[in-house]
Amino acid sequence: MKKALIHDWYYVNGGAEKVIQSFNNIWSDFEHFALIDFLADKERDEIFTGNSKIINTSFIQKLPTAKSNHRKFLQLFPHAIEQFDLREYDLVLSSSASIAKGVLTSQNQLHICYCHSPMRYAWDLYYQYLKESNLKGIKGMYARYILHKMRIWDVTSSNRVDYFIANSKFIAKRIKKIYNRDSTVIYPPVDVNNFRLVDKKEDFYFTASRMVSYKKIELIVRAFNKMPNKKLLVSGEGPEFNKIKRIANENIELLGFVKSARLKECLENAKAFVFAAEEDFGIIPVEAQACGTPVIAYGKGGVLETIIKNKTGVFFYKQDVESVINAVKEFETMTFDYKKIRENTLRFSKERFETEVKNFVLGKYKSFKESLI
């Protein structure tokens, strides 16, 4: 079968791109499509496992400032994704947290969507997006109108997908709520074998994320500001980096962007990994557990499926400073079996993901071809 793989966009090598890497491990003969591709060569080599792939991009790739801020062209995304001519492909696999699932296919093609989430900024993050963008007057009205139109398109385009795969039970419920579609849960790939169990932890806490508001790094930093005797290391960069740097006290060290070796070192040796975001799945808390490191996490979203309460981590249930502080205090009264923490992550391995996806796709493709006879 001739195969096309459509991803929203390539500009960082994050969790969604780890899924792409595994797709490429399963099948090396995809033709690749995305709205934009601004990956550095090193990032591309990591995602495509050393084979430099050509990405077919949309007209947004050539628009001024697309590299620095592609989201400003949000209103053009549906038109752009619909311009890809995929008629020659038997299988269309979309990796979508935004727009990729909206590609056009015919009844003679099988379209399977691996859904990281329905369009977050149009649904769950809608009010947060409007508040943080601080758009007023005509600009604010226009932003609301565009997001209204995006919600309509998002629901309508969900009917173009034959089968949905959700990255967690949490997202499966969101798919059902927004699209009224059933989905099969296949957890994302975590390269647990790339992390080693360390059973002698050092006296510091660790968090890592892109510095954007919904990741709640500022919340974690403000909480540790009130615990001056506890050391916190923070890895990541992004729009909020300078703001967070200004408020961080001396017990908090901002590392900025760190290479994978340094990231692993921090995950392996931290006494706990702190995670305050509501994530669809959350790969890095699983990576921390693969090192035997307990997680202190906001108890909502995908982490409820990856962390075992009081055995591999501790939950807090409000995204506020006092809740984080109380969770840290609770954590410090507990003991953990680091070996069992690592064992919990084996159910999220990359090998398991690739086997499940391959079996699912081939099974659906076989049934689909039989239905055409």
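Could you tell me how many of the residues in the stretch 285-318 are charged (D, E, K, R), in a loop (DSSP other than H, G, I, E, B) and within 15 Å of THR333 (Cα to Cα)?
First, pick out the residues of the stretch 285-318 that are charged (D, E, K, R): 287, 300, 305, 309, 311, 318.
With the extra rule that they be in a loop (DSSP other than H, G, I, E, B), the set shrinks to 300, 311, 318.
Those left that are additionally within 15 Å of THR333 (Cα to Cα): 311.
The number of residues fulfilling the criteria is 1.
Among the candidates LYS231, LYS216, LYS243, single out the residue that is crowded, with 16+ Cβ neighbours inside 10 Å and either of a type in the set (A, V, I, L, M, F, W, C) or in contact with an Asp or Glu (Cβ under 8 Å, 6 or more places away or on another chain) (or both). Let's see the steps before the verdict.
On the way: LYS216 fails: either of a type in the set (A, V, I, L, M, F, W, C) or in contact with an Asp or Glu (Cβ under 8 Å, 6 or more places away or on another chain) (or both); LYS243 fails: crowded, with 16+ Cβ neighbours inside 10 Å.
Residue meeting the stated conditions: LYS231.
Sort through ASN249, ASN269 and tell me the only one that's in the same structural domain as LYS216 (by TED's automatic domain parsing) and touching a Cys at 6+ places or on another chain (Cβ under 9 Å).
Numbers: ASN249 fails: touching a Cys at 6+ places or on another chain (Cβ under 9 Å).
One residue alone meets the criteria, ASN269.
Filter the stretch 43-66 down to residues that are over 20 Å from the mean Cα position of the chain (by Cα), on the phi < 0 side of the Ramachandran plot and not β-branched (Val, Ile, Thr), then give me how many there are.
Filtering the stretch 43-66 for residues over 20 Å from the mean Cα position of the chain (by Cα) gives 50-66.
Now restrict to residues that are on the phi < 0 side of the Ramachandran plot: 51-64, 66.
Now drop any that are not not β-branched (Val, Ile, Thr), which leaves 51-53, 56, 58-59, 61-64, 66.
Here the count works out to 11.
If LEU86 satisfies every condition in (1) in contact (Cβ under 8 Å) with a residue 40 or more places away in the chain; (2) crowded, with 22+ Cβ neighbours inside 10 Å; (3) over 20 Å from GLU356 (Cα atoms) but one, which is the exception?
(2)
Out of the residues in the stretch 181-219 that are out of contact with any Gly (no Cβ under 9 Å at 6 or more places or on another chain) and modelled with pLDDT under 90, state the one that is farthest from ASP280 (Cα to Cα).
If we take residues in the stretch 181-219 being out of contact with any Gly (no Cβ under 9 Å at 6 or more places or on another chain) and modelled with pLDDT under 90, then SER213 is farthest from ASP280 (Cα to Cα).
Conditions (1) outside the structural domain of CYS113 (by TED's automatic domain parsing); (2) touching a helix residue (DSSP H, G or I) at 6+ places or on another chain (Cβ under 7 Å), marked per residue:
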residue	(1), (2)
ARG151	no, yes
SER158	no, yes
LYS176	no, no
ARG196	yes, yes
ASP203	yes, no
ARG210	yes, no
SER213	yes, yes
ALA223	yes, yes
LYS230	yes, yes
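Looking at this structure, is GLU287 of a type outside the set (S, T, N, Q) and in contact (Cβ under 8 Å) with a residue 24 or more places away in the chain? Break it down stepwise before answering.
Working: of a type outside the set (S, T, N, Q): yes; in contact (Cβ under 8 Å) with a residue 24 or more places away in the chain: yes.
Yes.
So, of the residues in the stretch 16-58 that are among the β-branched types (Val, Ile, Thr) and part of a loop (DSSP other than H, G, I, E, B), which turns out to be nearest to LYS259 (Cα to Cα)?
From the stretch 16-58, those among the β-branched types (Val, Ile, Thr) are 19-20, 26, 36, 47, 49, 54-55, 57; that's our starting set.
This time we only want the ones that are part of a loop (DSSP other than H, G, I, E, B), so: 36, 49, 54.
On the way: ILE36: 24, THR49: 18, ILE54: 25 Å.
Ranking the qualifying residues of the stretch 16-58, first place goes to THR49.
Does LYS230 count as part of a helix (DSSP H, G or I) and over 24 Å from GLY301 (Cα atoms)?
Numbers: part of a helix (DSSP H, G or I): no; over 24 Å from GLY301 (Cα atoms): yes.
So LYS230 fails the test.
Residue by residue through the stretch 227-261, note down the ones that are charged (D, E, K, R), at pLDDT 95 or above and under 21 Å from the mean Cα position of the chain (by Cα).
Selection gives nothing.
Of the residues ALA276, ALA297, ALA327, only one is surrounded by 22 or more Cβ atoms within 10 Å (Cβ to Cβ), touching a residue at least 60 places away in the same chain (Cβ under 8 Å) and closer than 26 Å to LEU232 by Cα; which? So that I can check it myself, show each step before the final result.
Values: ALA297 fails: touching a residue at least 60 places away in the same chain (Cβ under 8 Å); ALA327 fails: touching a residue at least 60 places away in the same chain (Cβ under 8 Å).
The match here is ALA276.
Of the conditions (1) over 18 Å from the mean Cα position of the chain (by Cα); (2) assigned to a loop (DSSP other than H, G, I, E, B), ASN13 fails just one. Which one is it?
Among (1) over 18 Å from the mean Cα position of the chain (by Cα); (2) assigned to a loop (DSSP other than H, G, I, E, B), ASN13 violates only (1).
The values are calculated or read from the model by the stated rules, or taken from the named source; none is laboratory data. Here the structure is a predicted model, which is why all the values come from computation and not from measurement. Glycine gets a Cβ as well: all are built from the backbone with ideal geometry, and neighbour counts include every protein chain shown.
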